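Student: Quick one: this structure, given as structure tokens, is what I'll be asking you about.
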Amino acid sequence: MYDFSTWGPTLRYVVEVIGTLAFALSGILAGARNHMDIFGISVLGFLAAFGGGTLRDVLLDRRPFFWVAEVEMLWLVIGLCVLALVLLRLGRLHVGDKAIQWADALGLGLFVASGVQAALVAQLPVVVAVMMGVVTGVFGGVMRDIACNEMPTAFADHRPYAVCGILGGWAYILGDWLGWAGWLVALFSIASTTGSRLLALKFDWRLPDWRNG
Amino acid sequence: MYDFSTWGPTLRYVVEVIGTLAFALSGILAGARNHMDIFGISVLGFLAAFGGGTLRDVLLDRRPFFWVAEVEMLWLVIGLCVLALVLLRLGRLHVGDKAIQWADALGLGLFVASGVQAALVAQLPVVVAVMMGVVTGVFGGVMRDIACNEMPTAFADHRPYAVCGILGGWAYILGDWLGWAGWLVALFSIASTTGSRLLALKFDWRLPDWRNG
Amino acid sequence: MYDFSTWGPTLRYVVEVIGTLAFALSGILAGARNHMDIFGISVLGFLAAFGGGTLRDVLLDRRPFFWVAEVEMLWLVIGLCVLALVLLRLGRLHVGDKAIQWADALGLGLFVASGVQAALVAQLPVVVAVMMGVVTGVFGGVMRDIACNEMPTAFADHRPYAVCGILGGWAYILGDWLGWAGWLVALFSIASTTGSRLLALKFDWRLPDWRNG
């Protein structure tokens, strides 16, 4: 799926696993916080981890889905759900906020880059490609929040998140337009997304909000 | 759509009609409970009856949708909406909880089996096939609840529902792997789903819930 | 996308722009009312403007999406988002309710007609074509409301809105069945939808609501 072909595939795979697990964990914790049962918690883990990429694949009309082509990812998330449920029950799941934020920022960067790349492969206009990148990175979390009957964090949190993804998406377009090698374009995009996200967290940047004038 | 070919097609059709109407009715009642207007109530009936199968068909990239191929099902649900609206208005729609639960359990069993079968026909891995079965059986109700601005019952009810569908899905996989005839596999799957659901209701089984540890 | 070929294409384009902008504005205002940030507000603008047509295209398995084929529409909505955000911030966005209602009614009429036409081109049964028209016209607003964590206005507002779309959808079918020219069928459908919507607003018609009997 993420065929940044000249990357070390092992490195890419490690990043992909970290990002997917971070996203899944955010869903599992949201389900537990809302007192869901084991089915609900697992669905939220799947929605958060695979929802954005699945929506992108539906919009791009790509089959098989990446979690069908790499079915071990599916088993990985199932395993994480089981493990997290056991640890939660034992009161032993203490995940540092910082660890989650870093893993989530990495996942966001990778997912945005993979979404932009998939859309460019499908020869879509650049503005649509950036949209697809943001959909891939952000809409898993949006589905997670809607399934919890909450307003999506990504829409109303006022901390830059999707905005970092938009930046990273345009970074991909820029690198591609400059004719850089594929691995460099991907790395530049991920660094832009993940870096700006981590800076935003560190310095507590805020987006303004709006009311009806 | 449900080509369990060696079943008596009439029996299958009767079960399909009962299941679809039970699902549609759950949507109609949810809409009325939320004081929706005639359009909202009808949309909820459609979402509950056809939402899960439609999502499965979108994910599997199957066209035409089953409610296009069997357009009389659509008319049936439209007719049910009109009938239910008239009866509700006259204060004469008294549906026994027990009747709904039985019909709903039958529908769940059939929808799960049909979803697994459709995914196996599309040559998907077995774990994905079970997921598709659960999506077919459960996500119509999830869409119904999201449209009512409620947390989906299937995620937080703590009564086994989707879990019964997962059981029935793996029962399908088991029967198929053992090389049983198509009608027997389908029957075994439906019996597992519907039977475990009815047992769970009779003995009031509960799923544990989770909080953040 | 809306190839009512013998229409003056300019007139059609003007109506399409007005309708799209009216729908986008409804999303932008909803996001601002819910104190979303710039990303959330923009997503709501996109969902309201393009959500219904995108869902229709997914259901009909049509690619490219109309906002990919006519990518200038996407830029138009991006521009509107930027402009509206600036004006909102300056406290200078005073849009008359009446202007919005007229533009929205025009958009609804056009979107319903375009949805019915697309479904008929895909050779779907007439009842499915009317459904696709209503999905095109109404589900952008439904997605907007779900993303705001509100019950969809179209389901519970008790003012005829989707019902006007259904009327206009069947008007399209009638005109088509009578063998009228394409431009006349489209015009008749739009006039039915938009006209009945404006009459309903003027005379404050209400749909009855329902409770569980």
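The values are calculated or read from the model by the stated rules, or taken from the named source; none is laboratory data. In this text, all values refer to a predicted model and were calculated from it rather than measured experimentally. Note: ideal-geometry Cβ built from the backbone for every residue, glycine included; neighbour counts use all protein chains shown.
Student: Answer yes or no: is there a residue in region C:15-24 that is free of Cβ contacts under 8 Å to residues at least 60 places away in the same chain and buried (at least 24 other Cβ atoms within 10 Å of the Cβ).
Tutor: yes
Student: Only one residue in C:76, C:80, C:59 is part of a helix (DSSP H, G or I), more than 30 Å from residue A:159 (Cβ to Cβ) and within 18 Å of the chain's Cα centre (by Cα), so which one is that?
Tutor: C:59
Student: Then there is this: If residue A:114 satisfies every condition in (1) within 14 Å of another protein chain (Cβ to nearest Cβ); (2) closer than 16 Å to residue A:22 by Cβ but one, which is the exception?
Tutor: The failed condition is (1).
Student: Residue C:190 versus (1) more than 14 Å from chain B (Cβ to nearest Cβ); (2) surrounded by fewer than 24 Cβ atoms within 10 Å (Cβ to Cβ): which is the lone unmet condition?
Tutor: (2)
Student: What do you reckon, is residue C:51 part of a helix (DSSP H, G or I) and crowded, with 23+ Cβ neighbours inside 10 Å?
Tutor: In short, yes.
Student: May I ask you to list the residues in region C:76-96 that are surrounded by 12 or more Cβ atoms within 10 Å (Cβ to Cβ) and facing chain A (nearest Cβ under 8 Å)?
Tutor: C:78, C:85, C:87, C:88, C:89, C:93
Student: Scan region B:192-210 for residues that are more than 14 Å from the chain's Cα centre (by Cα) and either assigned to a helix (DSSP H, G or I) or of a type in the set (D, E, K, R) (or both) and jot them down.
Tutor: Residues satisfying the conditions are B:192, B:195, B:196, B:198, B:199, B:200, B:201, B:202, B:204, B:206, B:209.
Student: Let me ask another. What pairs can you find where one residue is in region C:43-70 and under 21 Å from residue A:142 (Cα atoms), the other is among the acidic types (Asp, Glu), and their Cβ atoms are less than 9 Å apart, with a gap of 6+ or different chains?
Tutor: Going by the 9 Å Cβ cut-off, the qualifying pairs are C:58/A:61.
Student: One residue is enough: does region B:116-128 have a residue meeting the conditions in contact (Cβ under 8 Å) with a residue 60 or more places away in the chain and farther than 15 Å from residue B:58 by Cα?
Tutor: Yes, some residue in region B:116-128 is in contact (Cβ under 8 Å) with a residue 60 or more places away in the chain and farther than 15 Å from residue B:58 by Cα.
Student: Residue under question is residue C:56, and the condition is that it be within 14 Å of chain A (Cβ to nearest Cβ) and modelled with pLDDT under 90; does it hold?
Tutor: no
Student: Return only the number of the condition from (1) of a type in the set (Phe, Trp, Tyr); (2) surrounded by 24 or more Cβ atoms within 10 Å (Cβ to Cβ); (3) closer than 30 Å to residue B:35 by Cβ; (4) more than 8 Å from every other protein chain (Cβ to nearest Cβ) that residue C:161 does not satisfy.
Tutor: Every condition holds for residue C:161 apart from (4).
Student: A further question follows. So which residues in region C:151-186 are more than 20 Å from residue C:104 (Cα to Cα), in contact (Cβ under 8 Å) with a residue 40 or more places away in the chain and part of a loop (DSSP other than H, G, I, E, B), if there are any at all?
Tutor: Passing the criteria: only C:181.
Student: Scan region A:18-35 residue by residue and report those that are over 13 Å from residue A:145 (Cα atoms) and not in a helix (DSSP H, G or I).
Tutor: A:35
Student: Name the single residue that is farthest from the other protein chains (Cβ to nearest Cβ) among those in region C:123-158 being more than 16 Å from the chain's Cα centre (by Cα) and not hydrophobic (A, V, I, L, M, F, W, C).
Tutor: Residue satisfying both the conditions and the ranking: C:123.
Student: Could you tell me which residue of region C:187-213 is nearest to residue C:98 (Cα to Cα), considering only residues that are among the polar types (S, T, N, Q) and in contact (Cβ under 8 Å) with a residue 12 or more places away in the chain?
Tutor: C:194
Student: Report whether or not residue C:120 is within 10 Å of the chain's Cα centre (by Cα), assigned to a helix (DSSP H, G or I) and farther than 26 Å from residue B:148 by Cα.
Tutor: For residue C:120, the condition - within 10 Å of the chain's Cα centre (by Cα), assigned to a helix (DSSP H, G or I) and farther than 26 Å from residue B:148 by Cα - is not met.
Table: residues versus (1) of a type outside the set (Val, Ile, Thr); (2) touching a helix residue (DSSP H, G or I) at 6+ places or on another chain (Cβ under 6 Å); (3) within 23 Å of residue C:75 (Cα to Cα).
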position	(1), (2), (3)
A:134	no, yes, yes
A:137	yes, yes, yes
A:142	no, yes, no
A:150	yes, no, no
A:157	yes, no, no
A:161	yes, yes, yes
A:169	yes, yes, yes
A:192	yes, yes, no
A:197	yes, yes, no
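Student: Looking at (1) of a type in the set (D, E, K, R); (2) surrounded by fewer than 18 Cβ atoms within 10 Å (Cβ to Cβ); (3) touching a strand residue (DSSP E or B) at 6+ places or on another chain (Cβ under 8 Å), can you tell me which one residue C:33 breaks?
Tutor: For residue C:33, the failing item is (3).
Student: Within region B:104-130, work out how many residues are among the hydrophobic types (A, V, I, L, M, F, W, C) and either within 16 Å of residue B:160 (Cα to Cα) or out of contact with any helix residue (DSSP H, G or I) (no Cβ under 8 Å at 6 or more places or on another chain) (or both).
Tutor: 5
Student: Oh, and also: Residue under question is residue A:182, and the condition is that it be more than 12 Å from chain C (Cβ to nearest Cβ) and buried (at least 19 other Cβ atoms within 10 Å of the Cβ); does it hold?
Tutor: No; evaluated as a whole, the condition is false for this residue.
Student: Name the residue that is surrounded by the fewest Cβ atoms within 10 Å (Cβ to Cβ), counting only residues in region B:59-71 that are facing chain C (nearest Cβ under 10 Å) and charged (D, E, K, R).
Tutor: By that ranking, first place goes to B:63.
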